[in-house]
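Inspection log for the structure reproduced underneath, given as structure tokens.
Each value in this text was obtained by applying a stated rule to the coordinates, not by laboratory testing. Keep in mind the model is a prediction, meaning the values are calculated, not measured.
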Amino acid sequence: MRRSRLTLLAFSCALLAACSWKPGFINEYKIDIQQGNVLTQDMVAQLKPGQTRDQVRFLLGTPMVADIFHQQRWDYVYSYRNGQTGQVESRKFVVFFDADNRLERVGGDVDVASTEELTTPVNKSRLVDLGSLSGEAADKPLPPREEPGWFRRFMNMFGF
């Protein structure tokens with residue numbers, strides 16, 4: 001009886017110790033964690049002094065931090081942690097309003113556009129070449145369609 005209890009205790013300890021150790025060649029999958037407001041340079045470039053709070057909220061989204069003690073300030077905070085390397089990238093962008101609830105100034109890690117960038121039109125279309133066929137290749141007939149394999153035929157029998 002005593003020997004079985006001692007064996008059970010030793011087996012439990014060994015099992016518990018085995019769960020806490022992993023070999024170095026086994027790497028668990030860690031996800032990338034993205035938190036906060038993602039602000040792009042294009043979004044920030046649309047900000048102009050004198051815009052209302054609603055216009056700023058439309059352009060940048062709802063702020064991450066709206067402090068009740070500093071009602072004229074909105075903080076947009078962004079954090080990204082790479083799951084494989086563990087590196088953390090963080091950005092902070094602050095928007096300040098005046099007494100009339102109009103955009104006064106901004107600050108933070110994302111640059112505001114210059115006057116030239118705001119006045120020049122931006123061409124947002126682009127040409128994508130999907131590949132073109134030469135005259136000789138276009139005249140060739142397509143190769144015959146391959147018959148499905150045995151697995152595909154089996155799956156088709158059941159409607160998959």
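Phi angles of region 46-53 translate, via the Karplus equation with coefficients 6.51, -1.76, 1.60 and θ = phi - 60°, into HN-Hα couplings of 7, 6, 9, x, x, 6, 7, 4 Hz per residue; Gly and Pro are given as x.
Fully extending the segment from Asp100 to Thr85, taken as 0.36 nm per residue of separation minus the present Cα-Cα distance, adds 0.8 nm. Divide the volume of the convex hull around the Cα atoms of region 1-45 by the residue count and you get 107 Å³ per residue.
For region 29-116, taking Cα atoms only, Rg and Dmax work out to 14.5, 50 Å respectively.
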